[in-house]
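**Student:** Dumping the structure here so I can ask a few things about it.
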Amino acid sequence: MATEAESGTFIESFCLKTRNPDRMVRQRALKDFEANFLATVSSTECANIFDETYLDILRCYSDRFESVRILAVTTIDTLLEKLPANEYYLGYIVPVLAKRIGRAEIVEESEELRLQLLEQLGRLVEKYSDRDGQRGDPLLKVFDDIVDILIKTLRDPFPAAQKKSCEIVLAIAGATPSLHYRAEALVAPAKSVLGHRHAANRIVAVEALGELSLHILTNGDRISEIIMAISPLLMDDVPFVRRACGRAGCLMLLKLRDRYSFFHRILPLVLNCLTDGTAEVREDIEFRWKEAGELYYKENESELAKAALIEKLPVGYPVDRYTRPTLACRAIVQRSLRVVNLVLHEMEEWKEDIRLHATKLLKQIVLHSERAFSSQFLEVNPVLAKACMDSEKSIVTEALNVCELMGKLLDYETWSKHVVAEFRKFPSIGQLRCMRTLYTHSVQCEEKRKDIKKFAALLLDPDVCHNLKETYQLELLEFCSILALDGQRRELSAALEEITVNEQETVENQSLERTLYTVILKVIAFCYEEKEQIREKGLEVLRLLDNDIDKLHAHHLANVLGNIEHLESENSDASTNILLLCGIVSVCGFQQSYFDTLRVTLVKALTNASPEGKVKLFSAISVAMLTWEEKNKQSKEVQMALLKPFVDELIAPSLVWSVGRSAESIRAMATACFASMAQGVTAEVYMPLLTGYLNVLAGLIDDNNIATRAYTLKALVRLDQGLDLELLKLIAFPILSRLDDPSSEVRELAAICLGRLKLSKACTGSVDATESVDSASQRWEDILKQILPVMFLHLENPEIKLRKAITASLQRLYLDNRELMTSLAKVSNVTEDNFIGSMQ
């Protein structure tokens, strides 16, 4: 250990060397002083050493060379470790720090050295900490300099310096009771760190701002500014940043002086974290949230204790999905429902992530406020309905979760009338989803059972059930299925309780079934051409009303047809009413119970529709005719009585030739109806019907339109019974001429039809009374003599399908005309072996 004289000599030499213009001399002096001299002196001697050397050491803080400045800082750090906690030293060191890193311009250019100076400031704050002011608050003397330093360094471009500055803010909050004097001055610089790319900086900045809010005693706007600055970080990608936001909120709930006034602003910071995707965040904030609730309970025990005595779990509470918050936590939210206005504003933001978090927040508010939320329902419903039709699926899911909670926690009377009124005004898919979810999850009560018909009637509105959007139709079917099931429960409940249902109630139940049937059928009808998923879903819902869907059609379809409006107008193929009628015809087909009503409705529509509309209607009729045999099992006479007027009024007038492209298209589709009847109606009913229109169809065989020719020949393919001679003459040669048709399909159909030509065995009506059946047969053979050579000629056609069709027709004709065909084959140079081979 050096003597006092030696120490004095060394210190004097050290001071002289620190003033030497040579950098190396200054540098070696500082190293030697710190490493060799200060290590040997005691704490009591350090005070005297500081007095003798501080001017020279602190002057080195502004040395030209960074290495010297670094050594000066480390030397002061070593001295501080041994100096007593006397505020005397602060007055010398802190002002120097302020000059180096606390000015508006950057004085200290080295980033590492700025960080080192901040670390030194942090050690000073820690060393002279006096939270309660029992030692006279030593930091107060240099408090302004410290704040000036932090104002500058919180905006330092060096990330580590920024982070250290935030840590010093936290440290000084616990080191002096005087932070409130200038806490507001630190808010703006600390806010600038919130947008830093480093998550660690954002976390410590949130913590610093949360601490600063506790020391702002008079300016409530500044506290609100802090909360608003922190809130966007609730959507940060890093879970620990979100957790820091929640912790800041919980800190304010526990320690903010006027926290009751700020509950509505603080709550989003906490409640959003309760729905966080990271379990660690949820659990941490949930624990702190309960602590805040316990504090509130202690402060309001007289009021909450009474509520706790009568509290019980609401009926239908979703205990399987949610844990009910504590009474105190719920009380905090219930007294702070002003927060709902802030949430609704954010739910309409243009950014998707903001809307999503706002919707999640609303769910937590509903979960905590329970019945108290009833007062907010009128304001919430329009915004929530908008969220239910958001383009982002996750937002829609969360919005429906909110509706589900409201349905379970709010009284049915609270929302039912308002929702119905709003849906009448704005029948959007959002309102529909919102109403459907509320109704589905509401607790069963007498009022709900009474309102089933009212909700069903809402869906019957044309603005609702005539909506052609796929998502809307699916939602409509979902609601109908729920109403159908509820209607069944009501009937079952009445049966179990042995309630006598009077005649009026029976009519009411039937009316509910008819209403739902009408809505469901219209949705299915609009999807008959495509959207198979919706069509199948609709049929499933119809089966909830009755497993026998044809029975439902028989009971209710006539009423639906009678209520289709505006058929007197010139509707196009895109008209809603034409689409609906075509869909009904295609889906339901033809049944005797509603056949007359459907015929009258179709006549009205066809009479007034535009050409495009008529084409669409005939297309639907042709589709429905394919299922005639399946749906009609009556006798031949009854079926004829149904079909004859139908064809006379609807189809036959359009078969007559008229000029124009539109008339041509209509004629083709009318002919398609006959082609469908040939496939869907039994032969014993179809043949008598067909013979009455052969004179018209004969002319259509040579129509200019390929489709018309094809459909006409398809209608004649079912000629399984013999015809009178005059009818055969009428169609035989037009069919024969189609063997040279430009369309391959028409050529094949013509070849098939030729094989179906056959003379009736009872053919007497087409000849004179004195003429015998043999004479008619002879005349038919004369016709065949002209037809068969042409068929033989086409056996050499290169088309395989055509040759097969002609061969099949020759085989049919050969059964009744063996001798004639054999002789004609010889005349046509067809060898007997080849001819017989084609017949086999």
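The values are calculated or read from the model by the stated rules, or taken from the named source; none is laboratory data. Because the structure is a prediction, the values reported are computed rather than measured. Counting neighbours? That spans all protein chains shown, and the Cβs are built from the backbone with ideal geometry, glycine included. Accessible surface areas use protein heavy atoms only, side chains included; no ligands, DNA or RNA. Shrake-Rupley method; radii C 1.70, N 1.55, O 1.52, S 1.80 Å.
**Student:** Can you compute the helix-only [θ] at 222 nm over the chain? Use -39500 (n - 2.57) per DSSP H run of at least 4 residues, normalise by all residues, nearest 500 deg cm²/dmol.
**Tutor:** -22500 deg cm²/dmol
**Student:** Right, another one. Between helix 377-387 and the chain, what is the angle of the helix's C-alpha long axis to the longest principal axis, kept within 0 to 90° and rounded to the nearest 10?
**Tutor:** 70 degrees
**Student:** Beyond a 28 Å Cα-Cα separation, which of these cross-linked pairs lie in this structure: 312/360; 163/360; 17/82?
**Tutor:** 163/360
**Student:** With point charges of +1 on the Cβ of Lys and Arg and -1 on the Cβ of Asp and Glu, referenced to the Cα centre of the chain, which listed residue (117, 627, 589) lies farthest in the positive direction of the dipole?
**Tutor:** After comparing all options, I get 117.
**Student:** Could you work out the relative contact order of region 671-761? I mean the mean sequence separation of Cα pairs under 8 Å and 6+ apart, divided by the number of residues, in percent.
**Tutor:** Relative contact order comes out at 32 percent.
**Student:** Still on this structure, I have one more. Where Lys and Arg each count +1 and Asp and Glu each count -1, what net charge lies around residue 537 among other residues with Cβ under 13 Å from its Cβ?
**Tutor:** -3
**Student:** As I understand it, the value is the acute angle between the Cα axis of helix 159-173 and the longest principal axis of the Cα atoms of the chain; what does it come to in degrees, rounded to 10?
**Tutor:** Approximately 70 degrees, to the nearest 10.
**Student:** Let me ask you something else. With the cut-off at 1.5 for a/c, could you classify the chain from its C-alpha gyration tensor as rounded, prolate or oblate?
**Tutor:** Verdict is prolate for the chain.
**Student:** Accessible area per residue for region 355-490 in Å², computed with a 1.4 Å probe and the full protein assembly in place, what is it?
**Tutor:** Heavy-atom accessible area per residue stands at 37 Å².
**Student:** If packing is taken as the average number of other Cβ atoms within 10 Å across a peptide's residues, how do 282-295, 35-48 rank, most packed first?
**Tutor:** Taking the mean over residues of other Cβ atoms within 10 Å, the ranking is 282-295, 35-48.
**Student:** Going by average Cβ density within 10 Å per residue, which order do the peptides 730-740, 306-316 take, highest to lowest?
**Tutor:** Listed from highest to lowest mean packing, they are 730-740, 306-316.
**Student:** Where nothing but the Cβ of Lys and Arg (+1) and of Asp and Glu (-1) is charged, how large is the charge dipole of region 294-353 around its Cα centre, in debye to the nearest 20?
**Tutor:** That gives region 294-353 a dipole magnitude of about 360 debye.
**Student:** Tell me, how many Å apart are the Cα centres for region 427-482 and for region 631-679?
**Tutor:** Each part reduced to its Cα centre gives a spacing of 40 Å.
**Student:** Here's a follow-up. Please give the Cα centre distance for region 168-198 versus region 248-289, rounded to the nearest Å.
**Tutor:** So the two Cα centres are separated by 20 Å.
**Student:** Do you know the relative contact order of the chain, to the nearest whole percent, from alpha carbon pairs under 8 angstrom that are 6+ apart?
**Tutor:** 4 percent
**Student:** Here's something else I'd like to know. For the chain, give the percent of accessible area contributed by carbon and sulfur heavy atoms, probe 1.4 Å, rounded to a whole number.
**Tutor:** 50 percent
**Student:** Where does the charge balance sit around residue 708 when Lys and Arg score +1, Asp and Glu -1, over other residues with C-beta under 14 Å from its C-beta?
**Tutor:** 0
**Student:** From the Cα gyration tensor of region 22-111, with a ≥ b ≥ c the square roots of its eigenvalues, which class applies: rounded if a/c is under 1.5, or else prolate if a/b is larger than b/c, or else oblate?
**Tutor:** Oblate, since a/c reaches 1.5 and b/c is not below a/b.
**Student:** Right, something else. Can you give me the accessible area per residue for region 25-121, using a 1.4 Å probe, in Å²?
**Tutor:** Accessible area per residue: 44 Å².
**Student:** Let me ask something additional. With point charges of +1 on the Cβ of Lys and Arg and -1 on the Cβ of Asp and Glu, referenced to the Cα centre of the chain, which listed residue (215, 297, 666) lies farthest in the positive direction of the dipole?
**Tutor:** 215
**Student:** Angle between the Cα long axis of helix 183-192 and the longest principal axis of the chain, 0 to 90 degrees, nearest 10?
**Tutor:** Helix 183-192 sits roughly 50 degrees off the main axis of the chain.
**Student:** Please get the size of the charge dipole for the chain, origin at its Cα centre, with Cβ charges of +1 on Lys and Arg and -1 on Asp and Glu, quoted in debye to the nearest 20.
**Tutor:** Using only the charged Cβ atoms, the result is roughly 360 debye.
**Student:** Can you give me the long-range amide H partners of residue 723? Hydrogens built in the peptide plane at 1.01 Å from N, cutoff under 5 Å, separation of 5 or more residues or another chain.
**Tutor:** 758, 759, 760
**Student:** Let me ask you something else. With a 1.4 Å probe and every protein chain left in place, work out the accessible area per residue of region 659-817 in Å², rounded to a whole number.
**Tutor:** 43 Å²
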